[in-house]
Each structure stands twice: as structure tokens, then as C-alpha cells.
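Student: Below is one structure. I have some questions about it.
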Amino acid sequence: MASFNVLIAVALFYAVLLFVIAFAAERSAEKGRGGWLRSPLIYTLSLSIYCTAWTFYGAVGYAARSGLEFLTIYLGPTIVMIGWWWILRKLVRIGRSQRITSIADLVSSRFGKSTSLGVIVTLLMVLAATPYLALQLQSVTQSFAVFAAASGHQWEGQDLARVALWVAVGLAIFTILFGTRNLDANERHHGIVMAIAVEAVVKLFALVAVGVFVIWGVAGGPSQMIDMIDASPLSQWDQSTARWVGLTFLSGAAFLTLPRMFQVLVVENADEDHLRTASWAFPLYLLAMSLFVVPIAVVGLDLLSIGANPDLFVLTLPLSLGHNGLAMLSFLGGFSSATSMVIVATIALATMISNHIVTPIWLSSRGPGAVVSGDVRQLVIGARRLAIGGVLFLGYVYYRLSGGGAALAAIGLISFTGAVQVLPAMIGGIFWRGATRLGAIAGILVGLVVWLWTLFLPSFGPDAVIPVEVMYNGPFGLGFLRPEALFNITGMDRQIHAIMWSVTLNSIFFFFVSVLTFPRPLERLQGAQFVNVFEHSEGARAWTTSTAEAEDLLIMAQRILGSAEAQDLFLIEAQRQGKQGYLPEVTPDFVQVLERELAGSVGAATAHAMVGQFVQGASVSVEDLIAVADEAAQILEYSNRLEAKSAEQERTARQLREANEKLTALSIQKDAFLSQISHELRTPMTSIRAFSEILGEGGMTPDQLTRYSGIIHTEAVRLTRLLDDLLDLSVLENGQVTLNIQRGTVRDMLDRAVSAAAAGKAMTILRKLGDEALVLETDVDRLTQVFINLISNAQKYCDADRPVLRIDLHRASAGWVLDFTDNGSGIPKQSQQVIFEKFSRLTDHRKAGGAGLGLAICREIMVRLGGEISYLPGQGGAAFRVVLPGAH
Amino acid sequence: MGKRVLVIEDEPNIIEAISFILSRDGWTVHTHADGASANAKIRTTPPDLVILDVMLPGKSGFDILRDLRADDETASIPVLMLTARGQTRDREMAQRLGVTQFMTKPFSNAEVLESVRTLVAG
């Protein structure tokens, strides 16, 4: 039993180690030091999730049962990588330019961002992955059982089922921790890719170690090994040409369409050039993985008792010969194979489920505006976590139903055949502009049904789902619909029969329905962008006009991308347009960029629907369609250039117009400024004069005396403060101010500001004292003055029943920033532009008390200090962001 | 009971000063601080004189004056405009809109009282 406990400890330790590696990789990627994470080597190693427990354990079993046929599983991907890498390149380019998140997203996006196709492909892939997940559960469970047996515990059916359940739960927790650790719902996972690369090395090393042990430690050297192989039954297997061709095609096609392969090949790809390296390096990896399969199988058949499960030779051979350390290594190899597959596959499936099923349902059930009010990110992450658990549970159910006894290779082929049903729509979609949404739906549905009928459902065993009667005589006695002899074609291999019929009927329906139906405008547009991805990467716009408010779009983007990323996106666009603040003009180009960013998180169809809720402009114009219909790329290029030119002219004209407006506004402003000053000075003066005259007349009661002289005093103070402010502002504006640069912490400055503002209305102030230790080298008094202004403004204007001000220090792209956000109703959009102007007080005077110079002074101070202050829209309440100067 | 004066003004201290001066002289003083509802207030309880500020929350004194003159029920009420914006342009604007008298802030208490007496008597 001791060794079994050691095994559990080793497995747990290994899982923790992987987690640490993933965590470290993610951290260095966040800090921008992750250059080495995006190397072609890591990319190539990450592709090795193709080699699952099926390959690790199952290939030996396959070889022991069917001879060299196991090689087809390696041959397919090798041919794809070496001969068809240009398909991969096209997929990667499309994935990049369209921000594709999964294979379901690819198909949905290509066919007009179709929600229904997203759902169909997602369901198909979940079904297809189920046997495969069951396979991983089975192999991990079996390998545990082998060690338990070695420690003298013979597990029976119930024990195995219990262990399998624990393995499923463990894997689910592991994947949730791994894949949905943070709230970032974006498509790339540096940490996971790194962990997979490490696992790739472990499993290769383990298999090679067992192989070396078998050849030199057991057989006695290569030449003896060859003699043993010649003498073994393996060399006498009949090789069926149909099976070789069929299975090579199947594995090559599955390599392209399996959700987990699509995830590492396309979604996680950081650089198209990595494909160049992978195109020769990955076949080498496969070669190394397959090199020792036959020797291990031969020696296993020779040494181990008849009836020993050949699927476990890799493990049982070292164990039976007393090499516990090697067996442990081999176990880790198998464990690596299973976990890396499960992690990536469930993450890919969970992404598909959350993007194509959960979010669209939520979106349509909540109606317009839902993206603004609900927390989309929490929903997406929650849906992904549930989906991971759900998918693994399905795998467990399949494991229980199928009896857990079938050979590993047979289960794997069922999954492959299911996933391959996407191939016609995918390949057709990226090479043939005539392919339509209805064609894709028809093809995939037909393929799905044939696959279910001929392979998936029968795999549960006779009478489990399909009654024996139907298996032999067809449904309703219709003989030509027998699951294993469609159209009365008998005598064929069961698997080849299923592959042939499902793919052929799928392709036929896809082709003919495509030819017979007309694509919708958005389909044409997407089709052209997919098929001609290398000719014009810019592409035509899907939005032509726009009525959306930038602030609404910002609020939505923050909910999905997270505040920092969304604010950056808007800030950069606003700067590009030469505008201040976070709200750029909503141009069709910008909407396009935004939609693509969102697509990277929630998929093309959902992103399109979300943006569509705000942007009521016509989606896809006649000109765009003409551009699409036009085959000549040069004409398109030319018109693009013309468009760019006229856009530039338009921009220049707009800038001129704005400058002119600004000048006019300036002279009007000067008049208004004088008139304002006059008003602000005369108002307190009026009270002072009136009451001093009253007092001068005499005859007041003592109460009246106190009251009226008090009023004179208050108004005199108000007058002085106004004069001080005006003087301050004019000094700051003329740049005559001398700064007193000192070092101080943000915490000290905020402490001073809070106590200086404490006289005002009661308000809760939330701070993160831990972060505020940041030291600034700046004019501490001036900066404190800005903070006082912002805090007392919140006290004056926040209209919540229980006013709360959140002061949050954090890093943004602009540097260290301090956000002051209250929970009131905020500042209306039309006023956001003017609040930093002089005398731009928004409410009536009595409540405010100031003259409306505070924010104007703040802005001038920040300009002098080399920082920045701006209004941060879309935060619920009023929010000001101060970019801190002189941070250390 | 004295004649009624309605003071439309939003600075509390100025309201207090005017109220004091007029009450002491025997006038009944009502005050109203909001611009938007000022015309309705004048209509429901028509005073003998309106003292009107220009910079009011909700609606400016000029707009109130224009609407007051356009309404038959209130068109004949005398209006004394008091404003802190003393430019000629403002005075001309007030006269064009039919103000009865225009004074700039700060004012002398005696002058205000004198004007009120003249305007109501006349």
C-alpha cells in the first residue's frame, strides 16, 4: 500500500508543480517579460496535446492488437503539418484577424456570425469530446488500479467507478483553477500553454525511458529486439488498405477540427512563423513518440501473461520487472497525457458553451441594455466553470455507460469521427466563397446524425441505446438504415463505414445546399474576408453608420474586457482622433475595432449582437457588398486607398472646423468670463452693503446684531476666497508658479486632504491604505490641494442617500493613477466637456458654495506638475482620474 | 395689511436683506428662489410688484420677464430687476423685454425702497 500512497503524493505534487509553472508563466507574461513564452518551441510542444493517454497507453495496446495500423494516428497529423501547413497558415491568419476564440466561433463567424451554427458546432463538439474524456478518465483510473494491484488491492467494478469519479472531480477542480483562475475571459492562456509544454516533455521522456529500458534492459540490444519483433505475432497482422487510408484521413482531419487542437494551433498561436518550425518539429515529436511503441508491445506480449491488458504495458512492464521508479515515471507520463488533454479540451469546450450557448440566451432573455446593466464577465466566467464541470461529468457518465472496458483506441476513433464533421464547412468556408450558412448547417447536421446512428450510439453496446432488433434489421424494419450497414453496404469495417458515410453525406449536403441557397449580406462579407484573408487583411466594414454613444459603448466594453483594457482601447482611439479624455467619436471603423476586441472574449456572433444593440446604423452597406462582389483585389485596394484619402480630408476639415469653433468660443468665453467675475464679486458685495447699511441705521435687537454682522463676515470670507482662487488660477495659467518639490506618500497626502475636507457633509470614504504607500516626488501641497478639491466636490455634489467615495490607487497604461469615484448620479455627458472650464458650476450656487473655479485650478495644477486630471465616464457615479506625477 | 411684493432671488442673504428693508416699511414680502416655477407662482398669487434677479436656477430672469409680459393676467405687474451683471447689454435687454425699472447690485437700501414705493403707487 505504501507505494500506492506514494503514487498519490507524487501525482498531487506534480499537479501543484504544474500549477506553479503556469502561474509563473502567466505572471511574467503580464509583466511583458514573457517573450520566451512565445517561442516556436513552446508552440510545437503545446501541439503535443494531440498525444493523449490514448497515444501514451493506447498506441501500445493498438499495436499489440492490430500491428502497425497504430501508425495511421501519427501519419494523419504528420501529413497535415508537412504537406498542408498552408491550410494551417490560413486558419491562423483568419483566427488572428477575426479574433477567433474556438472552432465553433470560426464556423459561426464565417457564415455571417450565425448564432445557430455556433450552437450546433458546440453541441457536436461536446458530444464528440465525451467519449474522449471518458477515455482519459479510464486510463488514469486503470493506471491507479495497476498500482493498487501491485500493492495487493484488487479493485472491482465499484471501486473503479468510485476512483473514476474522484479522478473526474479532481480534473474538474484542476482545470477550473487552471483555466478560469482570473476574471480575464480573453482567448489566450500563456500559463496553460507553458504547463502543457512541460507535460509534453514529461510524457515524451517517460515513453522514451520505458522504450530504452525495454530494448537495452530487457531485449538486450537493438539487434535482439529486431529478432524478437520478427518472431512476434505483430509482424503477421493483415493490413487493410481501406483502414489505413480511412484512419490516416480521419486523424489528419481530426487534427484540424478537434476543439483542443484548434485551441493550441490557432487560438493560442502567437506568431504565424511558429508554424514553420512546428511543421517539421512536431512530426519529429510524433516520430519519437511512436518509435518505441512496437518494441514495448512485442516485449509485453512476450513477457506478460496472456490476458494482461496491452493498453497498460507501458506501466505493467516496468512494474512486473520490479522497476518501481520507472513505473512511476511512466505513470507521470500517462498522467501528463491525460491531464493536458482534459485541461485544454474542457477549456475549449467551456469557451464554446459560454460564448455560443449561455451568453446568447442570457442576452436575448434580458433584452437591449443587458450588457450595460448586468455583469457579463462574472456570467462568462461562471458559465465556463459550470461548463468544465458539466463536460467532465458527461465524460464520467459515458465511462459508466460504456462499461469502461472497450479498448482505448476504439473510443478515440469515435471522438475523432464526430469532430471531423466540421471539416467540410471549415475547409469549404475558408476556400470557397459560395459556401452558405444553410449549407453548413445542413452538412453538419446530416454528418452529426449519421455519426450518432452508425458509431456513437452503438458504442454503448448492444441494447444499451439502440435495441438489438434495430441493429440487425434496421429501424421499423427498414434494412437499408441499419446502423452498421447503411444503404445495405455490408462487409465493411464498422469504423470505416461510419467515417465514409458521415463525411460523404455531410459534404454532399454542404455543397448542394450551398449552391441552392443565397448568402445573406453579412455572410458574403465574412466569406470574402475569410477566403481572401491574405489579399486584404483590413477588410470591408460591417458597420456603415453609427448612432451609438461612446459612453454606452465604454460601459459595455468595461463589463466584458475589464476596466483597464477597455479604458486603454478608448483612450488610444480618442488620442488617435486628437480628442481629450476617454470618449472618442464613434466612427464605423472604431465600432469594427471594438467588435473585434469583444469577439476575442465572447465570440463573433455574440459580440456582433452586443454591438448591434447600441449601433443602430445599417449593418453592411451596398458599397461594401459591391466591394465584396468585386473579384479584383487591385480595385478593392485602390478604392481602399481612395477611401483612406477622403477620410483623411474629412478629418482635416473637421480639425479646421473645430479650431475655428474654438477661436470663436474663446472670444465669447473672454466676455463671459468678465461678466461672470463681475457677478461673482457683486453678489457677496450686495449682502455686505445692504446689511452694513441696516446696521448703520441702528435700533437692532442683540440677536439681529449678531446675525447680520455674521452674514457680513461670511460674505467677506467668500469674497476673499474668490479673489484667492482667481489669483491662484491666473498665476497657474501664466506659469509663474514656483513648485516646491518634495517626497511624500500618497497616503499622507490623502490623509491631509480627507481631514481638510472633513468639515463638509458626512460621507463614507473607502481607501486601500495598503496600496497608498507609493512615494511621489512632486509639489506635495499642490497635489494635496487637488485631492481636497476632489473630495469636497464629492461631498457637495454626490446626491446618493448614503454618499460613498472610493479612492483607488492602481497602475494603468498612463502610469500610476488615483481614481475618485462616488456613488451619486454622475455628471451628464454634455457637461463632462465643460467641468474643467472656469465658472462651470453645474448646479445652483447655494448648494455649491464655491465659484466654480475648483476643477479649473485642479487642471492647471496637474498640468504644472506634469500629471493629468480627467473625467472618467461610465463608472456609475462621478469619477475623476488623476494621473500621478513623479511616481517612484 | 400692506401691499404685496414678490422677491424672486436665490441668494439667501440677499433675500433676507430685501425682506428686512421692505417689511420694516410695512410691505408684505413673499420670496421665491426657483426660476423655473416663478411664472406659475406670479400667476397664482399676483403681487403688486415683482423684484427679479437675473441669474436664477432653472430659468433666467430675462425669460421670466418675457413670459410674464406675454401673459395677459400678469402683463401689467410692475417689475424691478436687480442684477449683479451690470453691463449695458443687460440693461438694454431688460428694457426691450418691458422691465419697469432696472438696478445693479450692490444697491443702496434707500434707493430700492424709494423705487418700490414709486412703482407701486404709480
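Student: Working only within the range B:28-71, note down all residues that are closer than 20 Å to B:Val120 by Cα and assigned to a loop (DSSP other than H, G, I, E, B).
Tutor: Once the filter is applied, which keeps residues that are closer than 20 Å to B:Val120 by Cα and assigned to a loop (DSSP other than H, G, I, E, B), the range B:28-71 yields B:Thr45, B:Pro46, B:Pro47, B:Asp48, B:Asp53, B:Asp71.
Student: Now, a different point. With respect to A:Ser687, determine if the residue is touching a residue at least 24 places away in the same chain (Cβ under 8 Å), within 12 Å of chain B (Cβ to nearest Cβ) and more than 30 Å from A:Val817 (Cβ to Cβ).
Tutor: yes
Student: Considering every residue within the range A:767-784, establish whether at least one is touching a Phe, Trp or Tyr at 6+ places or on another chain (Cβ under 8 Å) and in a helix (DSSP H, G or I).
Tutor: No, because not a single residue in the range A:767-784 is touching a Phe, Trp or Tyr at 6+ places or on another chain (Cβ under 8 Å) and in a helix (DSSP H, G or I).
Student: In the range B:81-93, is there at least one residue being over 17 Å from A:His679 (Cβ atoms) and modelled with pLDDT under 90?
Tutor: Yes: one or more hits.
Student: Among the residues in the range A:338-359, are any small (Gly, Ala, Ser), assigned by TED's automatic domain parsing to the domain that holds A:Leu171 and at pLDDT below 80?
Tutor: no
Student: List, please: which pairs have Cβ atoms under 8 Å, are six or more places apart or on different chains, and start with a residue in the range A:835-860 that is closer than 19 Å to A:Pro873 by Cα and end with one that is modelled with pLDDT of 70 or more and basic (Lys, Arg)?
Tutor: Within 8 Å, the pairs are A:Phe836/A:Arg859; A:Ala856/A:Lys838.
Student: A further question follows. Just the residues that are touching a Leu at 6+ places or on another chain (Cβ under 9 Å), assigned to a loop (DSSP other than H, G, I, E, B) and within 12 Å of another protein chain (Cβ to nearest Cβ), please, taken from the range B:72-86.
Tutor: The answer is B:Ala84, and nothing else.
Student: Would you mind stating whether A:Leu106 is in contact with a Gly (Cβ under 8 Å, 6 or more places away or on another chain) and at pLDDT 85 or above?
Tutor: It is true that A:Leu106 is in contact with a Gly (Cβ under 8 Å, 6 or more places away or on another chain) and at pLDDT 85 or above.
Student: Another question, then. I'm trying to understand the selection: among the residues of the range A:722-750, which are exposed (fewer than 11 other Cβ atoms within 10 Å of the Cβ) and part of a helix (DSSP H, G or I)?
Tutor: A:Leu727, A:Asn734
Student: A further question follows. Name the residues in the range B:72-113 that are acidic (Asp, Glu), out of contact with any helix residue (DSSP H, G or I) (no Cβ under 7 Å at 6 or more places or on another chain) and over 21 Å from A:Thr686 (Cα atoms), would you?
Tutor: B:Asp72, B:Glu92
Student: Only one of these conditions is not met by A:Glu715: (1) surrounded by 15 or more Cβ atoms within 10 Å (Cβ to Cβ); (2) more than 10 Å from chain B (Cβ to nearest Cβ); (3) free of Cβ contacts under 8 Å to residues at least 60 places away in the same chain. Which number is it?
Tutor: (2)
Student: Separate question: Pick from A:Leu37, A:Leu47, A:Leu12: which is at pLDDT below 80 and either assigned to a helix (DSSP H, G or I) or surrounded by fewer than 19 Cβ atoms within 10 Å (Cβ to Cβ) (or both)?
Tutor: Within the list A:Leu37, A:Leu47, A:Leu12, the selection yields A:Leu37.
Student: Ok, one more. Taking helices (runs of 4 or more DSSP H) that fall entirely within the range A:211-289, which contain at least 1 residues that are over 30 Å from A:His356 (Cα atoms) and among the basic types (Lys, Arg)?
Tutor: A:241-257
Student: Looking at the structure I just gave you, is A:Gln676 more than 14 Å from chain B (Cβ to nearest Cβ), of a type outside the set (Ser, Thr, Tyr), surrounded by 10 or more Cβ atoms within 10 Å (Cβ to Cβ) and part of a helix (DSSP H, G or I)?
Tutor: Judged against the criteria, A:Gln676 is not a match.
Student: Moving on to the next point. Give the range B:5-61 a look and list any residue that's more than 8 Å from chain A (Cβ to nearest Cβ) and among the charged types (D, E, K, R), or say none.
Tutor: If the condition is that a residue be more than 8 Å from chain A (Cβ to nearest Cβ) and among the charged types (D, E, K, R), then B:Glu9, B:Arg24, B:Asp25, B:Asp34, B:Lys41, B:Arg43, B:Asp48, B:Asp53, B:Lys59 are the ones that fit.
Student: Let me ask something additional. Which residue is nearest to A:His679 (Cα to Cα), if the candidates are limited to the range B:94-107 and must be part of a strand (DSSP E or B) and within 14 Å of chain A (Cβ to nearest Cβ)?
Tutor: The qualifying residue nearest to A:His679 (Cα to Cα) is B:Thr104.
Student: Conditions: (1) crowded, with 24+ Cβ neighbours inside 10 Å; (2) touching a Pro at 6+ places or on another chain (Cβ under 6 Å). A:Thr115 meets all but one. Number of the miss?
Tutor: Among (1) crowded, with 24+ Cβ neighbours inside 10 Å; (2) touching a Pro at 6+ places or on another chain (Cβ under 6 Å), A:Thr115 violates only (1).
Student: I'm checking my understanding of the structure. Among residues of the range A:701-712 that are hydrophobic (A, V, I, L, M, F, W, C) and at the interface with another protein chain (Cβ under 10 Å from one of its Cβ atoms), which one is surrounded by the most Cβ atoms within 10 Å (Cβ to Cβ)?
Tutor: A:Ile711
The values are calculated or read from the model by the stated rules, or taken from the named source; none is laboratory data. What you are looking at is a predicted structure, and each value in this text was computed from that prediction instead of being measured. Ideal geometry is used to build each Cβ from the backbone, glycine not excepted, and the neighbour counts take in all protein chains shown.
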